[in-house]
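Reviewing the structure listed below.
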Amino acid sequence: MRTRILALALPAAAIALLGGCATPAYVSPVEVTRFVSQAPTMLGQGTIRVTGAPGMDTASVEYGIYADAVRAELAQLGYRVTTQEADQVAQISLEQMVAAAEGRRGSGVGVGGGASTGTYGSGVGVGVGVDLTRLINGRPAERIERQLAVSIRSATGVQNLWEGRASMTASANSDYGSSPAAAARMADALFTGFPGESGETISVE
């Protein structure tokens with residue numbers, strides 16, 4: 001009986017230690033910068049398709065998450081989103097970087113690469129697991145820096161009608177540590193008040 005009680009007590013002690021030493025989650029505002037062409041009347045209407053920037057692996061899970069978030073926002077703006085030929089094209093690029101818990105910057109995560117969906121330097125998939133040693137030792141969780149860029153142009157033109165960049169930082173233990181949550185928040189901020197004032201930078205909580 002004593003052995004059984006001890007076996008049950010050990011996880012409880014670990015949980016208590018985890019709760020007492022875990023560092024708070026961190027989420028920054030989303031910083032958004034946009035540029036609008038001299039023909040903004042073409043925006044927000046007609047058909048549009050979403051593509052990846054050169055070098056992006058459009059078959060990757062990570063790309064699909066952000067592309068779906070952008071498609072949802074474009075549909076709310078009044079576009080008819082299609083996978084076929086369209087009046088306009090929205091091109092997506094994405095960058096991710098990890099700031100390690102010890103303050104060292106981790107490696108950049110290539111969104112087009114096969115490893116883009118998973119591991120951010122610590123051996124723990126964001127949104128999948130939590131590195132208990134970091135939390136128990138009181139060290140901060142890794143922070144993931146993300147930047148989403150979207151450009152919109154006419155399917156028959158080469159000049160962009162609209163460009164936007166959204167960037168944010170969130171710790172891996174926050175509500176926005178996972179890609180689906182981050183993608184939805186960044187896409188929403190990017191298209192807030194669309195098309196926006198050309199050249200301005202806004203901060204969206």
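Listed values, structure above:
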read-out: Residue satisfying all of: in segment 107-128; surrounded by fewer than 18 Cβ atoms within 10 Å (Cβ to Cβ) and not in a loop (DSSP other than H, G, I, E, B); modelled with the highest pLDDT among these; value: G108
read-out: Criterion (in contact with an Asp or Glu (Cβ under 9 Å, 6 or more places away or on another chain), modelled with pLDDT of 95 or more, crowded, with 20+ Cβ neighbours inside 10 Å and of a type in the set (D, E, K, R)) met by exactly one of R134, R165, R146; value: R146
read-out: Any chance S174 is small (G, A, S), crowded, with 18+ Cβ neighbours inside 10 Å and not in a helix (DSSP H, G or I); value: yes
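One line per residue, one yes/no per condition, for (1) of a type in the set (F, W, Y); (2) more than 18 Å from L190 (Cβ to Cβ); (3) touching a helix residue (DSSP H, G or I) at 6+ places or on another chain (Cβ under 7 Å); (4) not in a strand (DSSP E or B):
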site	(1), (2), (3), (4)
P54	no, yes, no, yes
A59	no, yes, no, yes
D68	no, no, no, yes
Q91	no, no, no, no
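The values are calculated or read from the model by the stated rules, or taken from the named source; none is laboratory data. Since we're looking at a predicted model, the values are computed, not measured. With ideal geometry, Cβ positions are generated from the backbone for all residues, glycine too; neighbour counts draw on all protein chains shown.
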